[in-house]
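Report on the following structure.
Computed from the coordinates by the stated procedures, all read-outs in this text should not be read as laboratory data. Computed from a predicted model, the values in this text were never measured in an experiment. We place every Cβ from the backbone using ideal geometry, glycine too, and count neighbours over all the protein chains shown.
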Amino acid sequence: MGIEIRGMAPLLQVFDLPASIAFYRDLLGFDVVTTSKPQGEHFDWALLRLKGVELMLNTAYEKDERPPAPDPARIAAHHDTCLYFGCPDVAAAYVYLSGRGLALKEPEIAHYGMKQLYLYDPDGYSVCFQWPAK
């Protein structure tokens, strides 16, 4: 018998944790389950959850080492990382996110049959909402 696995929670290093929390919690609907400091909005790590999907966010720099802007060399590979979320109504996700001011391309059907909507989070990580096309 193989290893029993019951979930996965990717950890993303982020430059501006409040901006990332606003994106994943306030825009996408994740709940903040726990943080490194359980009180207030100032923390360095958070576990988020939405309908069984978990994601961890961690500040990329300690407060006293954070540069004034993201280091382009450090974030260059963020476009190589994509979070794919199963989303039965990709068109509704497009309408919802567009209605909140995001400039998005309309969803497309990939050559392998998935209807997909792509966008980027505040740190340049790719996010895709997808579902098999009918």
Within a Cβ distance under 14 Å of T59, other residues only, what is the Lys/Arg minus Asp/Glu net charge?
-4
Calculate the tail of P(r) for segment 61-134: the fraction of all Cα-Cα distances greater than 19 Å, expressed in %.
45
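Taking the Cα centre of segment 1-61 as origin and charging only Cβ (+1 Lys, Arg; -1 Asp, Glu), how large is the dipole, in debye to the nearest 20? Before the final figure, lay out the partial values.
Details: 5 positive and 7 negative charges, 31 e Å.
Dipole about the Cα centre, nearest 20: 140 debye.
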May I ask for the net charge around K134, where only other residues with Cβ less than 12 Å from the Cβ of K134 are counted and Lys, Arg are +1 while Asp, Glu are -1?
0
Need the list of lysines near K134 for cross-linking: C-alpha distance under 26 angstrom, and skip anything on the same chain fewer than eight residues off.
K51, K105, K115
Which lysines have a Cα lying under 20 Å from the Cα of K63, excluding residues fewer than 8 positions away in the same chain?
K37
Which listed residue (A22, W45, Q116) has the Cα farthest towards the positive end of the charge dipole for the chain, taking +1 on Lys and Arg C-beta and -1 on Asp and Glu C-beta about the Cα centre?
Q116
How much net charge surrounds V14 when only other residues with a Cβ under 9 Å from its Cβ are counted (Lys, Arg +1; Asp, Glu -1)?
-3
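Would you mind working out the magnitude of the charge dipole of the chain relative to its Cα centre, with +1 at each Lys and Arg C-beta and -1 at each Asp and Glu C-beta, to the nearest 20 Debye? Each step should come with its number before you reach the end.
Details: 12 positive and 17 negative charges, 89 e Å.
In debye, rounded to 20, the chain gives about 420.
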Over all pairs of different Cα atoms in segment 1-61, the reciprocal of the mean inverse distance gives a Kirkwood radius in Å of 12.2
Helix-only estimate, please: 222 nm mean residue ellipticity of the chain, summing -39500 (n - 2.57) across DSSP H runs of length 4 or more and dividing by its residues, to the nearest 500.
-3000 deg cm²/dmol
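Tell me which GluC sites (Glu not before Pro) from segment 23-74 have a DSSP coil assignment and no more than 14 other beta carbons within 10 Å of their own. Working shown, then result.
On the way: sites: E41, E54, E62, E65; in loops: E41, E62.
Those that pass, being in a loop and sparsely packed, are E41, E62.
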For segment 38-102, I need the span (max minus min coordinate) of the C-alpha atoms along each principal axis, in Å, sorted largest to smallest.
43, 32, 22
I'm spelling it out carefully: the read-out is P(r) over Cα pairs in 10 Å bins from 0, in percent, the candidates are [x] 14, 49, 33, 4; [y] 11, 35, 27, 17, 7, 3, 0; [z] 11, 38, 34, 15, 2, 0, and one was derived from this structure. Which label?
[z]
Coil-residue trypsin sites (Lys or Arg not before Pro) of segment 1-64, DSSP, other Cβ within 10 Å capped at 16
R6, K51
For segment 58-101 and segment 109-134, what is the separation of their Cα centres, given in Å?
13
